[in-house]
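Here the structure comes first, spelled out in structure tokens, and everything after it is commentary.
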Amino acid sequence: GQASDLIQFTQPTTQSAWQVFTNYIVVGFEHILPKGLDHILFVIGLFLLSPAWRPLALQITLFTLAHSVTLALGVTDVLRVPASVVEPLIAASIVFVCVENFLTDRMNKWRIATVFVFGLLHGLGFASVLEAVGLDSNNFVTALFGFNIGVELGQLLIVAICLVTVGIWIGKKSWYRTRFSLPASLVIGLIGAYW
């Protein structure tokens, strides 16, 4: 029943660099959890091959470095790829990772290169999200950095959940690959193929 403060429509509101940074961390995190099912499935696909912290940390770090590059190129209009091309390729990357889980039982150099290349691809997907949300032009670098940190935090939370719920309990069991990893890879790969 009280009157609100006066809202100025003629003068843009300004945010501090810290406010922009924290706002874009939230935007990046929310793009992964709960909105980024494709990215969640990709990260789980990585986990299924190597359910241990060190190989996962390496893969997630490379993935983040790669998508940071194409995200920056995409939002600055240096590199433009339509969503109609990027989104099916992201789905194909999920299928590829899951097929690779069937072809090998350990992480190798090929997997590292694959994760990096697919990180470049996923960065283009992130760029379309930021384009839809808008990027603070006054604090461009801060907003971009905050978004990347939010995405990374979301990915790390997925990894932590996978490790706590599956990795430490059955990740080292002799039957992990045949009874859990391969069936889960099949389900995730079929979802990616459907997309």
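Side notes on the structure shown:
- Entirely in the range 20-137, the helices (runs of 4 or more DSSP H) that have 2 or more residues that are within 18 Å of I161 (Cβ to Cβ) and among the polar types (S, T, N, Q): 53-75
- From the list L37, L79, L41, the lone residue that is more than 11 Å from the chain's Cα centre (by Cα) and of a type in the set (A, V, I, L, M, F, W, C) is L79.
- Looking only at residues of the range 47-57 that are of a type in the set (A, V, I, L, M) and at pLDDT 90 or above, we find that the one that is nearest to V129 (Cα to Cα) is L48.
- For the range 141-195, the set of residues classified as part of a helix (DSSP H, G or I), among the small types (G, A, S), surrounded by fewer than 16 Cβ atoms within 10 Å (Cβ to Cβ) and more than 17 Å from the chain's Cα centre (by Cα) consists of A193 only.
- Residue that is nearest to S181 (Cα to Cα) [pool: residues in the range 70-88 that are aliphatic (A, V, I, L, M) and surrounded by fewer than 15 Cβ atoms within 10 Å (Cβ to Cβ)]: V85
- Per the listing I25, I60, I7, I44, the residue uniquely closer than 28 Å to G134 by Cβ, out of contact with any Asp or Glu (no Cβ under 8 Å at 6 or more places or on another chain) and surrounded by 14 or more Cβ atoms within 10 Å (Cβ to Cβ) is I25.
- Of the residues making up the range 90-117, those that are of a type in the set (K, R) and crowded, with 20+ Cβ neighbours inside 10 Å number 1.
- Here T22, T70, T76 are screened, and the one residue that is free of Cβ contacts under 8 Å to residues at least 40 places away in the same chain and of a type in the set (S, T, Y) is T76.
The values are calculated or read from the model by the stated rules, or taken from the named source; none is laboratory data. A quick note: this is a predicted structure, and the numbers were derived from the prediction, not measured. Neighbour counts are summed over all protein chains in view; Cβ atoms, including those assigned to glycine, are modelled from backbone coordinates with ideal geometry.
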